[in-house]
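Notes for the one structure printed next.
The values are calculated or read from the model by the stated rules, or taken from the named source; none is laboratory data. Being a predicted model, the structure only gives us computed values, none of them experimental. Using ideal geometry, Cβ is built from the backbone for each residue, glycine included, and neighbour counts are taken over all protein chains shown. SASA here: full protein model, heavy atoms, side chains in, ligands and nucleic acids out. Shrake-Rupley method; radii C 1.70, N 1.55, O 1.52, S 1.80 Å.
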Amino acid sequence: MLPSVFVSVTAATRGKVRSLLSLARRLSSSHPGGGSPGGAHRPAPDSPASPPDTHSPAAPERRLRKKPSGCSVLLFPGQGSQFVGMGRGLLKYPNVKEMFSVAQKILGYDLLALCLEGPEEELQKTVHCQPAVFVTSLAAVERLHQENPKAVETCVATAGFSVGEFAALVFSGAMNFAEALYAVKVRAEAMQEASELVPSGMLSVVGRPQAQYKYACLQAKEHCRSLGVEEPVCSVANYLFPDGRVIAGHQQALDFLQKNARRLQFMRTKPLPVSGAFHTALMASVAEPLREVLRQVEVRRPEINVYSNVDGKRYMSESHVRRQLVKQLVSPVKWEQTLHEIYERTQGETFPHTYEVGPGKQLGATLQKCNMKAFRTYDHVVVTAYED
């Protein structure tokens with residue numbers, strides 16, 4: 001059974017994040033999966049603030065009549081974007097303190113204190129930083145909604161990088177805040193445990209146009225076998241932008257890639273401060289715990305377009321969401337492909353406004369490298385106080 005703190009409350013339906021305010025008040029009286037799946041604050045279907053009803057057959061036609069320049073796209077960052085002090089600039093906005101209060105009950109520790117004060121080495125741990133990025137990102141939506149409500153109300157598409165995909169799904173109304181956070185908790189704990197089984201990591205690589213990443217990984221695996229490593233793992237874990245990749249796997253493989261960078265046509269290599277080889281076969285042990293918790297939580301069809309990391313395509317159903325979130329653990333994050341899918345348009349068509357909601361500006365940097373025209377209307381929602 002899920003923890004008793006679970007409630008059926010929609011954190012964001014029709015592009016709004018209003019129902020979180022009542023979440024803490026319901027914790028003691030609600031039961032898992034109870035209540036209305038729509039939540040108490042769902043706007044009327046014909047409300048001008050509502051994006052098109054994606055359950056209606058006429059929805060595609062209505063969406064086409066919207067000018068792209070009057071719409072928005074929200075991007076949610078993933079692990080690696082966290083830093084001590086994040087969230088300080090969000091506490092004055094509605095619902096944010098309640099969100100962190102609910103998080104403390106679900107996680108069993110003071111997430112807000114960890115975000116604001118550290119220590120940094122604790123915040124950097126997979127088990128802590130994934131929930132931290134998830135909650136801080138949805139708190140950033142509250143800031144955006146308060147300062148620029150139209151940006152939230154006219155959102156037509158969203159995507160999240162790795163754990164950020166859970167925040168995107170909550171924003172879209174596909175998952176409840178509390179239940180999604182519990183799933184993130186289970187995911188983070190299992191990924192931390194998997195990371196400790198074998199020395200592994202992730203390497204950021206910027207290659208020349210002629211670089212052959214799969215061939216480089218094959219060579220690295222052959223090197224590992226020569227060292228006695230059985231079933232070595234080395235593969236592309238993130239497709240970030242043209243000639244920008246993250247390669248993950250056994251530590252001996254990553255050491256080989258760094259040592260032979262010039263020969264492999266890599267211009268720059270940089271180890272990432274993460275504990276393991278995420279989005280590779282080394283995360284296979286995480287699949288079953290996440291699959292089990294996703295069987296128990298309520299999942300709905302997203303009410304706006306949400307794009308999957310696995311293939312860059314839109315989520316189409318509840319079962320599709322559950323399936324892809326598990327597959328994402330051992331599959332590369334196809335972020336570059338996702339951005340192409342979101343921003344593909346005919347010649348001369350305008351671009352939507354893009355907002356990165358959460359710590360860091362890494363997604364903006366990748367957007368700039370993938371699509372400069374789309375980047376011209378990009379903005380970042382600050383998660384610290386402006387005077388910091």
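Fully extending the segment from residue 122 to residue 373, taken as 0.36 nm per residue of separation minus the present Cα-Cα distance, adds 86.5 nm. Protein heavy-atom accessible surface, 1.4 Å probe, per residue over segment 248-334: 44 Å². Each other residue within a Cβ distance under 12 Å of residue 185 adds +1 if Lys or Arg and -1 if Asp or Glu, for a net charge of 0.
May I ask which residue of 236, 304, 260 lies farthest towards the positive end of the charge dipole of segment 231-331, with charges of +1 (Lys, Arg) and -1 (Asp, Glu) on Cβ and the Cα centre as origin? Final value for the positive-end residue is 260.
Net charge dipole, segment 150-193: roughly 120 debye, given to the nearest 20, about the Cα centre with Cβ charges of +1 for Lys and Arg and -1 for Asp and Glu. For segment 306-388, the average shadow cast by the Cα convex hull is 7.0 nm², which is a quarter of the hull's surface.
Scaled against the 2.2 N^0.38 Å expected of a compact globular protein of N residues, the Cα radius of gyration of segment 186-254 reads 1.19.
Shape summary: segment 99-191 maps onto an equivalent ellipsoid whose semi-axes, from the alpha-carbon gyration tensor, are 23, 15, 12 Å in decreasing order. A simple count of charges around residue 127, restricted to other residues whose Cβ falls under 14 Å of its Cβ and scoring Lys, Arg +1 and Asp, Glu -1, yields -2. Out of every Cα-Cα pair that segment 223-351 contains, those further apart than 25 angstrom amount to 40 percent.
Annotation: Cα Rg of segment 289-336 relative to the compact-globule expectation 2.2 N^0.38 Å equals 1.12. Net charge in the neighbourhood of residue 236 (other residues with Cβ under 14 Å of its Cβ; Lys, Arg +1, Asp, Glu -1) is +2. For segment 132-289, the convex hull drawn through the C-alpha positions has a volume of 131 cubic angstrom per residue. Computed from point charges on the beta carbon alone (+1 for Lys and Arg, -1 for Asp and Glu), the dipole magnitude for segment 165-312 about its Cα centre is near 720 Debye. The GluC sites (Glu not before Pro) of segment 229-326 meeting both criteria, a DSSP state outside H, G, I, E and B (loop) and at most 16 other C-beta atoms within 10 angstrom of the site's C-beta, are 230. The GluC sites (Glu not before Pro) of segment 127-184 include none that DSSP puts in a loop with a beta carbon having at most 12 other beta carbons within 10 Å. Across the accessible surface of segment 92-238, with the other protein chains kept in place and a 1.4 Å probe, carbon and sulfur atoms take up 48 percent.
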